[in-house]
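Participant: Take this structure, written in structure tokens, and hold onto it; I'll ask about it next.
Every number in this text was worked out from the coordinates using simple rules, so none of it is lab data. Values in this document were obtained by computation on a predicted structure and should not be read as measured data. Heads up, the Cβs are rebuilt from the backbone with ideal geometry, glycines too, and the neighbour counts pull from every protein chain shown.
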């Protein structure tokens, strides 16, 4: 169980020096677990694998099963797929320039985001938010240095802007 009360920053409830990792877990794990639980509840509907509709007991068993099967339509997935198609970024143009900007070529295209952006939009529209990280790393088969973009869903990542809890964590 995660304890939320501390005697002082860096000291746990038992009076021992707490590690930076335990401070971060104590501060952010409950928020991530709550966010993940909501995302996991929505996830079957977005994938089209939600439970069959509830039916009335006044119908015969055969009729009941036929109606339930007919009523099973993955509308959430249909609406999601239709919506995110309009968000797909194909390219950018700057007024007065004939070519696409270098930042677009060296950053967006080198990361393969023309194809991978769908995952970001699907998460943002389907769950209400999605995350992307941009960190130094190696790109492509040759392992060239550059900025690497990775997309995440609320099932695997969370972010916080609560500055009060960030200030209580020791910086290293």
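Participant: Name every residue in region 124-149 that is closer than 25 Å to residue 36 by Cβ, surrounded by 14 or more Cβ atoms within 10 Å (Cβ to Cβ) and touching a helix residue (DSSP H, G or I) at 6+ places or on another chain (Cβ under 9 Å), in order of residue number.
Facilitator: The initial filter retains those residues of region 124-149 that are closer than 25 Å to residue 36 by Cβ, namely 124-135, 148-149.
Checking which are surrounded by 14 or more Cβ atoms within 10 Å (Cβ to Cβ) leaves us with 124-127, 129-132, 148-149.
Listed by number, the residues that qualify are 124, 125, 126, 127, 129, 130, 131, 132, 149.
Participant: Of the residues 108, 121, only one is in contact with a helix residue (DSSP H, G or I) (Cβ under 7 Å, 6 or more places away or on another chain), within 23 Å of residue 91 (Cα to Cα) and not in a strand (DSSP E or B); which?
Facilitator: Working: 108 fails: in contact with a helix residue (DSSP H, G or I) (Cβ under 7 Å, 6 or more places away or on another chain).
None of the other options fit; the residue is 121.
Participant: Is it the case that residue 84 is in a loop (DSSP other than H, G, I, E, B), under 25 Å from residue 47 (Cα atoms) and touching a helix residue (DSSP H, G or I) at 6+ places or on another chain (Cβ under 7 Å)? Don't jump to the end; show me each part of the working.
Facilitator: Numbers: in a loop (DSSP other than H, G, I, E, B): no; under 25 Å from residue 47 (Cα atoms): yes; touching a helix residue (DSSP H, G or I) at 6+ places or on another chain (Cβ under 7 Å): yes.
Criteria not met by residue 84.
Participant: Can you report the number of residues in region 100-123 which are surrounded by 12 or more Cβ atoms within 10 Å (Cβ to Cβ) and under 17 Å from residue 86 (Cα atoms)?
Facilitator: Adding up the residues that qualify gives 10.
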